[in-house]
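Report on the structure given below.
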Amino acid sequence: MHLFLHYLFMKYLLGGIKITIYVTFLGLFGGAFFGIILAGLQHSRIRLLALLAKIYVGIFRGTPLILQMVFAYDALPYIGIMLPGIFAGGLALAANEAPFISELIRSALSSVGNGQVMAGETLGLTKLHRSVYIIWPQAFRAALPGIGNETISTLKNSALAMVIAVPELTLRSTQLASSTFDFFSIFFAAGVWYLVLTGAVSLAQEGFERILNHEGIKSNKKYRFMSYFSKNTWRKPEIADSDLKKVVNQVNMQILESRSNYADIRDKAPGNYIEIKNLHKAYGGNIAIANINLTLPTATTTVLLGSSGAGKSTLLRCIGLLELPDGGSMRIGTRTFSFDSSKRSFYDADKMAEERKAGGITVVFQNFNLFEHLTSTENVMLALTSSYKIPNKYARDVATEALNSVGLKSHANKLPKHLSGGQQQRVAIARALVIKPKVLLMDEPTSALDPESVNGVIDLVNVLKGNKDLSIIITTHQLKVASCLGDRIVFMNNGGIVESGTSDNILLNPKNPQTIRFIEAFQ
Ligand code: ADP
């Protein structure tokens with residue numbers, strides 16, 4: 001025991017630990033660097049680059065690391081690259097880790113659902129903001145267990161650098177043991193140090209997971225870090241911070257002003273805020289909507305009604321500029337868009353996000369698409385701080401007020417996974433409303449909810465209908481939603497509009513046999 005303790009804290013072995021950590025560090029960060037490049041090459045449209053990446057993965061996954069280390073140390077000098085043992089070991093480790101880290105990055109990024117990105121787009125976030133605030137934090141959370149594993153395996157693999165005479169922990173233990181013959185105490189001490197290092201990695205991983213799960217960090221602090229990438233252009237209000245109403249008004253004014261550059265939409269938009277002409281969209285050979293002509297009056301609620309597959313969501317996504325129609329035109333406020341499938345370069349995600357912002361268009365989704373790594377308050381704040389450059393402090397006030405107004409005061413600091421479907425939909429509505437939309441698009445907002453939550457959302461939308469500056473478009477296949485909320489109803493089938501008119505006309509006196517059949521099916 002006494003000898004074991006002697007070796008455990010022996011300077012010679014402690015020096016070996018330092019080198020072990022150094023080689024691991026080179027392997028891991030070098031591996032991350034090569035891994036990111038490799039991930040890019042693997043998805044390159046240039047076939048030759050993709051092929052080279054494939055060959056690289058084949059070689060480095062298919063040969064033993066020990067050979068790669070020897071190669072880096074003994075063979076590279078033949079082509080004029082002389083590396084000290086530590087760097088040769090680090091390079092071989094990095095090259096070996098790269099394919100695994102590249103795969104980790106790819107699977108972590110693809111685990112972030114498309115709905116998350118779409119929700120960011122509808123809140124006016126740019127590509128950079130979507131990456132920084134939505135995609136990478138969630139991908140990092142998904143990759144954490146894998147990163148922990150890779151760190152531990154790199155740490156253990158660093159012991160192989162002993163074959164090229166890197167004096168790390170294992171080599172020093174071996175040398176010490178062969179001169180003292182006290183194998184047991186020395187290797188036991190080395191084993192304990194490896195356990196301490198790998199244990200520290202596991203603890204760090206756990207700590208990160210706790211932070212990302214909101215269990216160990218004040219949300220305020222995290223958000224301050226998160227909004228680092230938003231340049232602030234806020235005009236400081238001449239009001240006391242404590243006066244919540246005035247702060248909310250100031251924020252609202254700033255949002256509306258930021259739009260006025262675009263098309264004087266507020267003042268000049270004609271009575272029909274949206275006008276659609278001959279819009280069509282097909283996926284492959286399958287026509288989703290065809291020859292859609294529709295005007296949507298300002299400050300009314302229009303329900304797109306029809307059974308599943310009728311084309312309602314496609315039309316809604318086209319109006320929300322989330323989908324590029326193949327042909328036709330659309331006026332939103334004073335902006336007119338003409339679509340032509342031969343000019344697809346028209347569609348640029350950031351340009352569309354700007355147009356959406358300018359037109360005051362936002363979307364509430366059937367599956368809510370709340371940002372899963374953010375609390376209710378942070379979900380509501382994000383568009384304010386990133387798209388509209390409102391400082392955190394004020395954005396937080398506005399978000400709190402918005403959550404109060406949808407009855408979620410006590411759920412402000414919960415993650416979406418800790419909320420019921422109905423509550424999540426309310427957060428999504430609050431998130432859409434804080435950016436003062438002119439057009440609120442709701443895609444089957446009640447389809448994923450239980451009957452009581454459906455009533456809650458209907459009540460909430462009924463309150464929103466009092467806002468004379470807001471046009472609402474709702475897609476649904478539920479007659480109850482249509483009858484409770486629709487001022488106008490547009491009945492769709494097979495990608496076309498079958499019949500449209502006031503709610504009473506369509507629901508009580510339908511003329512078209514298809515509408516009659518649909519309504520009768522509910523009785
Ligand atoms: P609804 O909202 O009325 O249920 P959709 O607009 O979702 O109808 O769908 C209309 C048609 O377009 C359906 O036949 C559907 O399969 C097709 N469609 C919708 N979105 C896509 C897509 N992204 N890719 C391929 N087909 C799609």
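Please compute the modelled spin-label separation between GLU275 and GLN175, points set 7 Å along Cα→Cβ, answer in nm with one decimal.
8.5
What percentage of the solvent-accessible surface of the chain, computed with a 1.4 Å probe over protein heavy atoms, is contributed by carbon and sulfur atoms?
Working: 14760 of 24670 Å².
Summing carbon and sulfur atoms, their accessible area is 60 percent of the total for the chain.
Give me the net charge of THR20's neighbourhood, meaning all other residues with Cβ under 14 Å from the Cβ of THR20; Lys, Arg count +1, Asp, Glu -1.
The answer is +2.
Which of the peptides 196-205, 311-320, 72-81 is most tightly packed, and how do the rest follow, judged by the mean count of other Cβ atoms within 10 Å per residue?
Result, highest mean Cβ count within 10 Å first: 311-320, 196-205, 72-81.
Only residues of the stretch 3-43 count here: report those whose backbone N is under 20 Å from the spot 7 Å along Cα→Cβ of ALA204, or say none.
Only 14-36 fall inside the zone, counting backbone N under 20 Å.
Determine the gain in length on full extension of the stretch LEU14-VAL70; use 0.36 nm per residue of separation and subtract their C-alpha separation, reporting nm with one decimal.
Roughly 17.6 nm would be gained on extension.
Helix 85-110 versus the longest principal axis of the chain: what is the Cα-based angle in degrees, 0 to 90, to the nearest 10?
Approximately 20 degrees, to the nearest 10.
If each residue of separation counts as 0.36 nm, what is the full-extension length gain between LEU3 and HIS418 once their alpha-carbon separation is subtracted?
Full extension of this stretch gives 144.1 nm more.
Could you put ARG141, ARG517 in order of accessible surface area, largest first, with the 1.4 Å probe and the full protein assembly present?
On the way: ARG141 70, ARG517 155 Å².
In descending accessible area the options line up as ARG517, ARG141.
Which of GLY62, LEU144, LEU440 sits farthest toward the positive end of the charge dipole of the chain, with +1 on the Cβ of Lys and Arg and -1 on the Cβ of Asp and Glu?
Value: LEU440.
How big is the charge dipole of the stretch 1-147 about its Cα centre, in debye rounded to the nearest 20, if each Lys and Arg gets +1 on its Cβ and each Asp and Glu gets -1 on its Cβ? The partial results should precede the final answer.
On the way: 10 positive and 4 negative charges, 49 e Å.
My answer is approximately 240 debye.
Let me know the shape class of the chain, please: from the alpha-carbon gyration tensor, a ≥ b ≥ c as square roots of the eigenvalues, rounded when a/c is under 1.5, otherwise prolate if a/b is greater than b/c, or oblate.
Working: a/c = 2.74, a/b = 2.14, b/c = 1.28.
In terms of gyration-tensor shape, prolate.
Using a 1.4 angstrom probe on the protein heavy atoms only, could you order HIS411, HIS280 from most to least accessible area?
Order by accessible area, largest first: HIS280, HIS411.
Please give the per residue accessible area of the chain, computed with a probe of 1.4 Å over protein heavy atoms only, in Å².
Per-residue value: 47 Å².
For LYS127 paired with ALA299, estimate the spin-label separation in nm (one decimal), with each label point 7 Å from Cα along the Cα-to-Cβ line.
4.0
Roughly how big is the stretch 272-522's charge dipole about its Cα centre, with Cβ charges of +1 (Lys, Arg) and -1 (Asp, Glu), in debye to the nearest 20?
My answer is approximately 440 debye.
Can you pull the semi-axes for the stretch 272-522, root of five times each eigenvalue of the Cα gyration tensor, sorted largest first, whole Å?
Result for the stretch 272-522: semi-axes of 29, 23, 16 Å.
What is the projected area of the convex hull of the Cα atoms of the stretch 2-213, averaged over all directions, in nm²?
14.8
Ordering GLU520, GLU275 by how much accessible area each has at a 1.4 Å probe, largest first, what is the list?
Solvent-accessible surface, decreasing: GLU520, GLU275.
Can you give me the angle between helix 136-157 and the longest principal axis of the chain, using Cα atoms only, in degrees from 0 to 90, rounded to the nearest 10?
Approximately 10 degrees, to the nearest 10.
In whole Hz, what ³J(HN,Hα) sequence does the stretch 414-430 give by Karplus (6.51, -1.76, 1.60; θ = phi - 60°), x for Gly and Pro?
3J(HN,Hα) across the stretch 414-430, in whole Hz: 9, 6, x, 5, 9, 10, 6, x, x, 5, 4, 5, 5, 4, 4, 5, 4.
The values are calculated or read from the model by the stated rules, or taken from the named source; none is laboratory data. These numbers come from a predicted model, not from an experiment. Note that we place each Cβ from the backbone using ideal geometry, even for glycine, and neighbour counts take in every protein chain shown. Side chains are part of the model used for accessible areas, which takes the heavy atoms of the whole protein and leaves out ligands, DNA and RNA. Shrake-Rupley method; radii C 1.70, N 1.55, O 1.52, S 1.80 Å.
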